[in-house]
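The structure under discussion appears below in the form of structure tokens.
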Amino acid sequence: MKPLLKAFFTITLCFVTSFAFSQEEQDDKEDAKNLRSGSIIVTGKKTETGTVSVIDGSAVKETTKTDAINLISEKVPSFHNGNNRIMGFGLSASGAAAMTIRGAGLSVAGPSTGLPILINGLDAGMMVNNHQIADIFSMKNIDRIEVLLGPQPVLYGDSALAGVINIITKRRETDGFNTEIGGSYGSWNTTDDYVMHNGKISAFDYGFSYNFRYTDGARKQTINTPTRGNVEFDSRYKSHNGTFQLGYEVNKNWYTAVSGYLMNMDIHDPGGKGYGTAAATTRDNLEYFDVTRGGGTLSINNNYNKLTGSLQVYYNMGKHEAYRPGRVAPERDTYDSFDQMFGAKLKEKISFDTGTSITGGAEYRRHGGRAKNRALTGGRVYIDNEYIDEGSGFALAEQSLFNDIWIISAGGRYTHHSESGNLGSWQAGTLVNPLRGTKLHFQSARGFKSPGIMQYYNTMISNAPTMIESGKNLKTETYTSFEAGAEQNLFDIATVSVTGYRIYTDNRIYFQFGAPPLPMWFNGDKFNYNGVESSIDVKPVKQLTLTGGYSWIDIRGGNSWNDIRADGKKLLVNVPKHKAIGAVKFEIADFMIVLNGQYVKDIYQSASSKLDNFFVLNSKIAYTFLENYRVFVDFNNITDKEYVAFRNGVYDYPMPGFNWRAGASASF
């Protein structure tokens, strides 16, 4: 009973005492309303110069998707993620959350490691294997999603190489209450049900949400396993997701809050198409996952006329278990890990009448955990309660000139890493508004990512009972980015933006298989590449909205041990050379009709493995009646396009064909 009691205590402690609503990460509501997808901004709260896509709560109601990651893929042209399911992303070798922004952020040996996903500013990543969990947050309590493009080292520190995804939850700011409930049902017994409630009574505000998602999955196949014979495997997915927030306005200048999230998911992998014909030793390696994650923050925020800031104390944890159903007991139970991160961050911004503002702060965090394989005789310890400590100081200065016609910013971050030593990063940019509706910008940044727990301690030498620490010879990855762009408002009905960039990388970390002393981690050679992204937003009449975007990335600029084609040209893998997105929204009376599509061309899983080009259309029809009630029907892949967007080794994971989902919601 002790392990169960410990898990119950840990989860209960996270849920009851955690999850602070990060006032630091919230811009003023009026500022948020003025932000457009793809706009170039310098926000009042975060003093950043750069490109950011802001996806507000209305976009959540317009999408046919049930998760934040696929919504971002619909809205941000230079963002791409692999996908192979109707719901959920998965983990390990079968995980499809290979997220990249501008071709950066993807680990060569697994899912994304250079693209933090934040919940109200809290890093919700898995700290043992150093990657994000794409299923961490559902879509039902979102105020907005900020997608920062390019390295963000000063305010976000280690690992923010490709950018940052910050999911900001709803908070009621006026007295009163609001409750929303909803449910849906569709193809393959897919359901997405939720309830959320927010309220404010005088100085107190609170909120909570719960979301349940389930699907049988679009794929099943029978695999001839060497130990259990023929076994049918499916791609079912189930998740529970809850959030909690409680805040108190001490006075007009001080606000304090606690908030938290708790998530559990069960996800099955049926293997790639034709997996049952593989060699016997391979057919044993299918894994199912049971993942529980929770975390939260306590924050104290101040807001005076010239001085704003916050103190955050945060915690994030996760327990991951995997088993291989193709084996007989007890060797079915394989992977078991527990990871955690805790820390504190202090940030203050002071503004002067001269148009100068200075942001400074400090942060400390400690992260790590344990991991082992329970199936092998005697067990195998991958990571034995190893932890990394990081302490940072950062500062960012901004100067506004000529009544905000010209804005300049520059800053740096100094970090002491317990394994990598002292690290420095910087960020600088300028924004010019020469004419009404015209913005020109330039930014340069140098971000870094230290080797994580997995690289330091999980070297996986063949037949070793524990892992050696040869990974400590690894150097820190660095990404240096230069970007320049323009945004133009046309006749107050359209906004067009174009940004070009060049990225230089050094000491990127790769994983190489082979005979002893391999497998091993190592630093790759330098490489650089170019990219261009653009977006357009047109509203010719009140009832009609047209949006579009395009991304081009020079994928031949990439370099790694397995990314060289036969003709000698090098490639970035899992990154599309061309991606185009577009949407049409028509609203009349109480009806809304949305049609959106994505086109992806020239994407490689490896040098010899090219994935399919595809064009996919989705549609939503919704009707609102009596102001607070809504019914809808979603259609995904309405042309029933057959394509493969994810491949594990030589095995294809075909995307689901045409599918639908219908539902209703009520708010009161």
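Odds and ends about this structure:
- Within the option set S112, S138, S92, S73, being surrounded by fewer than 24 Cβ atoms within 10 Å (Cβ to Cβ) and modelled with pLDDT under 80 holds for one residue only, S92.
- Condition met for K347 (more than 17 Å from S450 (Cα to Cα), within 27 Å of the chain's Cα centre (by Cα), open to solvent by less than 30 Å² (accessible area, probe 1.4 Å) and of a type in the set (D, E, K, R)): yes
- Answer residue from the stretch 591-605, given it is outside any loop (DSSP other than H, G, I, E, B) and open to solvent by less than 30 Å² (accessible area, probe 1.4 Å) and is nearest to N648 (Cα to Cα) among those: V600
- Test: residue in the stretch 303-315 that is closer than 20 Å to R370 by Cβ and either modelled with pLDDT of 90 or more or open to solvent by 70 Å² or more (accessible area, probe 1.4 Å) (or both): yes
- Which listed residue is under 26 Å from S337 (Cβ atoms), polar (S, T, N, Q) and part of a strand (DSSP E or B), from T297, T256, T227: T297
- The number of residues in the stretch 430-460 that are on the phi > 0 side of the Ramachandran plot and in contact (Cβ under 8 Å) with a residue 60 or more places away in the chain comes to 1.
- Candidates G355, G369 - the one that is over 24 Å from the mean Cα position of the chain (by Cα), in contact (Cβ under 8 Å) with a residue 40 or more places away in the chain and on the phi > 0 side of the Ramachandran plot: G355
- Subset of the stretch 214-224 [part of a strand (DSSP E or B) and under 18 Å from M265 (Cα atoms)]: Y214, T215
- When restricted to residues that are more than 16 Å from I86 (Cβ to Cβ), part of a loop (DSSP other than H, G, I, E, B) and either open to solvent by less than 20 Å² (accessible area, probe 1.4 Å) or aliphatic (A, V, I, L, M) (or both), the stretch 632-668 contains 1.
- Subset tally (residues that are modelled with pLDDT under 90, surrounded by 21 or more Cβ atoms within 10 Å (Cβ to Cβ) and outside any loop (DSSP other than H, G, I, E, B)) for the stretch 480-510: 2
- Within the stretch 222-253, the set of residues being more than 19 Å from T190 (Cα to Cα), touching a strand residue (DSSP E or B) at 6+ places or on another chain (Cβ under 9 Å) and hydroxyl-bearing (S, T, Y) comprises T222, T225, T243, Y248.
- Yes/no for N211 being in contact with a Lys or Arg (Cβ under 9 Å, 6 or more places away or on another chain), of a type outside the set (G, A, S), assigned to a strand (DSSP E or B) and open to solvent by 10 Å² or more (accessible area, probe 1.4 Å): no
Yes/no matrix, rows are residues, columns are (1) under 20 Å from G217 (Cβ atoms); (2) among the hydrophobic types (A, V, I, L, M, F, W, C):
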position	(1), (2)
S606	no, no
K610	no, no
V631	no, yes
D634	yes, no
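The values are calculated or read from the model by the stated rules, or taken from the named source; none is laboratory data. Given the structure is predicted, the values throughout are model-derived calculations rather than measurements. Quick reminder, even Gly has a Cβ in these numbers, built from the backbone with ideal geometry, and neighbours come from all protein chains shown. Note: areas computed on protein heavy atoms with side chains; ligands, DNA, RNA excluded. Shrake-Rupley method; radii C 1.70, N 1.55, O 1.52, S 1.80 Å.
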